[in-house]
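Q: Sharing a structure with you now.
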C-alpha cells in the first residue's frame, strides 16, 4: 500500500489529481496504521497526495478549471 500510495501521488501531480490525491492519502494512512516496513514511502505518498490537492486548489483559484489549461 505504501508503494501504491507513492505511485498514485506521483501520477496525480500530472493527471486526475482530484481522484488520485485522496486515494494516495487514504492508502498512505492505511499503510502507516498497519505498520508498514516502507514507512518512508508511505510518508512520501501522503505528502504527494496532499500536494495533488494543493495543485488542484491552485488550478481552481487560477482559472476556475479542474484540469490543465494551455490557452491563456
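The values are calculated or read from the model by the stated rules, or taken from the named source; none is laboratory data. Everything quoted here is computed from the prediction, not taken from an experiment. In this analysis, Cβ positions are derived from the backbone assuming ideal geometry, glycine residues included, and neighbour counts consider all displayed protein chains.
Q: Looking at (1) exposed (fewer than 15 other Cβ atoms within 10 Å of the Cβ); (2) assigned to a helix (DSSP H, G or I); (3) modelled with pLDDT under 90, which is the only condition residue 15 fails?
A: Going through the list (1) exposed (fewer than 15 other Cβ atoms within 10 Å of the Cβ); (2) assigned to a helix (DSSP H, G or I); (3) modelled with pLDDT under 90, residue 15 breaks only (2).
Q: List pairs: first in the stretch 28-41 and closer than 11 Å to residue 5 by Cα, second part of a loop (DSSP other than H, G, I, E, B), Cβ under 8 Å, 6+ apart or cross-chain?
A: Listed by first residue and then by second, the contacts come to 28/1; 30/1; 31/1; 31/38.
Q: Considering only the stretch 34-46, state which residues are loosely packed, with under 15 Cβ neighbours inside 10 Å and not in a loop (DSSP other than H, G, I, E, B). Steps first, please.
A: So the first thing to find is which residues in the stretch 34-46 are loosely packed, with under 15 Cβ neighbours inside 10 Å, and the list is 34-35, 37, 39-40.
39, 40, listed by residue number.
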